[in-house]
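Written below as structure tokens is the structure these notes are about.
Any read-out appearing in this document is the output of simple, stated calculations on the displayed coordinates, not a laboratory observation. Just so you know, these numbers come straight off a predicted model, no measurement behind them. Positions of Cβ are generated from backbone atoms using ideal geometry, with glycine treated the same way; all protein chains shown enter the neighbour counts.
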Amino acid sequence: MAEFDVDLFVIGAGSGGTRAARIAAGHGARVMIAEEDRIGGTCVIRGCVPKKLFVYASRFAEDFEDAAGFGWTVPRPSFDWPTLRDAVSKEVARLSGLYRKGLESASVAIREERATVAGPQLVKLMPSGETIRARHILVATGGYPAFDPPIPGGELGISSNEIFHLPSLPKRMLVVGGGYIALEFASLFARLGVEVTVLHRGDNILRGFDEDIRARLRDALEHAGIHFRLGCTVERIELLPDGCRRAHCAKGEPIDAEVILIATGRRPNTVGLGLAEAGVELGSLGEVEVDANSASSVPSIHAVGDVTNRINLTPVAIREGHAFADSVFGGKPWQVQHGCIASAVFTTPEVGTVGLSEAQAAAGGHELRIFESAFRPMKATISGRQERIYMKLVVDAQTDKVLGAHILGHDAGEIIQAVAIAVTMGATKADFDRTVALHPSAAEELVTMRTPRKP
Ligand code: NDP
């Protein structure tokens, strides 16, 4: 009898796990993958993909209004939540099916049940009770929404998991938190016609982002009708007789809303997985502690993606999974560079960012030259919409290297992805300057900023 049933057992069929399984199988490994929910993971099933589709839906609200200035007569539009919700669910099911097909065509065996680690090279499946001897185990179980510490009535709120399936569009929504998830949903639901309040414990939203972006985004979201209650926490939530929720806050009046979305961060999904018992070292939030090769403290167990709580973004998990599979099964070892990774916040207006914020660069001891531009987008000159696009380059004064780029406005995510190539390559401001502008575009501002901001 063979010593092992499989060469690789992957726990979790999300972005990172699926990529690792397919690549390892392509290198000739016998691979099995387990998923207790739906194949595709957070990004595809209850994260990036359905969220972005909702964002597209929300932006039509302004498109209808803006069209009038360009000569269109648009009848008063109305919005039907079940149509959107069900169309998005259908697309998510299609994508999940594609993920499954991808695994099957790579000859990866799929188990649709919960897997736990029963030893350094042993996995147990439940409810079937099947045990699998695996030469390597990859933990790719992602994260779960957390509200820590719990508050009385916290269960009356919902997380981003449930928001995609609301039976009806609420009149009022309270969003707790000031990060990616809180702001993206606040922004999109406000545009779908919901009265949204964001309640956040900090004195401004998006901690860690460039200060100018934070301030300008908040202004823009306020301008779009979102109410902010900052420097405040929820102490308890009460169910009112009419089914509405009432959030009692540390200061100020209670807030009533049909839906309370709690978006206060995510935690690595390791509870009950049997990792500590198998000798795997876990961090204070439950994350699997890994080295640059995604190896845990147990040589046969690796981990990739949000469960390691490094940089919790889908493309990072995918790379980590790919690097692991190439290194362990393909004889082509490589490591993911976590240093310069672009990201976007899909609010309206959108945020795109790569590299260091001005504050981070200053704290890192760099002498800086800051280039910035705030301008009215061309479309707004005719639509009449009151909006500004903002761009900032953070440049090292000694080396001329562009350390960071930050954009707030239309297509910021699309633009920053291309800028990230230059920043990753170590482009200097002189490289930006000798790039000929593409006219008329918003992105051309990035290569036409001549004068640094006065200190
Ligand atoms: P974030 O870490 O972005 O934000 C969490 C927010 O909750 C912060 O504002 C934080 O405040 C606040 N918070 C945390 N704990 C508490 C508490 N106990 N009480 C009150 N407020 C609290 O997490 P998200 O859940 O928004 O997103 C999780 C991760 O998913 C992100 O880090 C991101 O990597 C990823 N993501 C990426 C997206 C994208 O790329 N577009 C979209 C969605 C998610 P404070 O700032 O004070 O800590």
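What shape does segment 128-196 have by the C-alpha gyration tensor, where a ≥ b ≥ c are the square roots of the eigenvalues, rounded means a/c under 1.5, and otherwise prolate means a/b greater than b/c and oblate the rest?
Here segment 128-196 falls in the prolate category.
Here the spin labels are modelled as points 7 Å beyond Cα on the Cα-Cβ line, and at ASP63 and TRP334 they lie 3.7 nm apart.
Considering every alpha-carbon pair of segment 359-418, the percent of pairs per 10 Å bin, from zero through the bin containing the longest distance, is 21, 40, 27, 11, 1. Computed over segment 72-113, the range of Cα coordinates on each principal axis works out to 54, 24, 6 Å, biggest value leading.
Compared with the dominant principal axis of the Cα atoms in the chain, helix 412-425 is inclined by about 70°.
Neighbour counts of other Cβ atoms within 10 Å put SER96, SER107, SER284, SER294 in the fewest-to-most order SER284, SER107, SER96, SER294.
Over the chain, Cα pairs under 8 Å with separation of 6+ residues give a relative contact order of 15 percent. Spatially, segment 107-123 and segment 203-240 are offset by 42 Å when compared through their Cα centroids.
Which of rounded, prolate or oblate describes segment 328-399 when judged by the alpha-carbon gyration tensor and an a/c cut-off of 1.5?
oblate
Computed over neighbours whose Cβ is under 12 Å from that of LEU393, the net charge equals -3, Lys and Arg +1, Asp and Glu -1. Dividing the summed -39500 (n - 2.57) terms of all DSSP H runs of n ≥ 4 by the residue count of the chain sets its mean residue ellipticity at 222 nm at -9500 deg cm²/dmol. Fewest neighbouring Cβ atoms within 10 Å first, the residues TYR56, TYR180 line up as TYR56, TYR180. Shape class for segment 411-452: oblate, because the ratio a/c of the largest to smallest gyration tensor axis (alpha-carbon atoms, square roots of eigenvalues) is 1.5 or more and b/c is at least a/b.
At an R0 of 22 angstrom, the distance between the Cβ atoms of MET378 and ARG76 translates into a FRET efficiency of 0.25. Computed extension gain for ARG450 through GLU253, at 0.36 nm per residue and net of the alpha carbon distance, reaches 66.1 nm. For the pair ALA362 and MET126, a Förster radius of 41 Å applied to the C-beta separation gives a FRET efficiency near 0.20, rounded to the nearest 0.05. Based on alpha carbons, the Rg and Dmax found for segment 40-193 are 20.7, 68 Å. Label-to-label distance for HIS27 and LYS101 is 2.7 nm, based on points extended 7 Å past Cα in the beta-carbon direction. Remark: spin-label model distance ILE110-ILE311 equals 3.0 nm, labels positioned 7 Å along the Cα→Cβ axis.
Could you tell me what percent of the DSSP beta bridges with both partners in the chain are antiparallel, to the nearest 5? The antiparallel proportion sits near 60 percent.
Scattering from the C-alpha atoms of the chain alone, worked out with Debye: what is log10 I(q)/I(0) at q = 0.06, 0.09 1/Å? Once normalised to I(0) and log-transformed, intensities are -0.30, -0.68. Which one of GLN121, ALA278, PRO77 has its Cα pushed farthest toward the positive end of the charge dipole of the chain, where Lys and Arg give +1 and Asp and Glu give -1 at the Cβ? Checked the options; the winner is PRO77.
When N counts the residues of segment 174-238, how does its alpha-carbon radius of gyration compare numerically with 2.2 N^0.38 Å, as a ratio?
1.05
Taking every alpha-carbon pair within segment 333-455, the share separated by more than 27 Å comes to 17 percent. The distance from the alpha carbon centre of segment 1-55 to that of segment 281-324 is 14 Å, rounded to a whole number. Here the convex hull built on the C-alpha positions of segment 1-118 has a volume of 124 cubic angstrom per residue.
Exposure proxy for SER58, SER441: other Cβ atoms within 10 Å of each Cβ, ordered fewest to most, give SER441, SER58. For ASP433 and GLU195, the FRET efficiency from 1/(1 + (r/R0)^6), where r spans their Cβ atoms and R0 equals 35 Å, is about 0.15.
The length gained on full extension between GLU235 and ASN204, counted as 0.36 nm times the residue separation minus their Cα-Cα distance, comes to 9.2 nm. Within segment 164-300, the proportion of Cα pairs with more than 27 Å between them is 38 percent.
In plain terms, the C-alpha convex hull of segment 298-351 casts an average shadow of 4.5 nm² when viewed from every direction.
Pairs of lysines in the chain whose Cα atoms sit within less than 19 Å of one another amount to 9, provided the residues are eight or more positions apart or on different chains.
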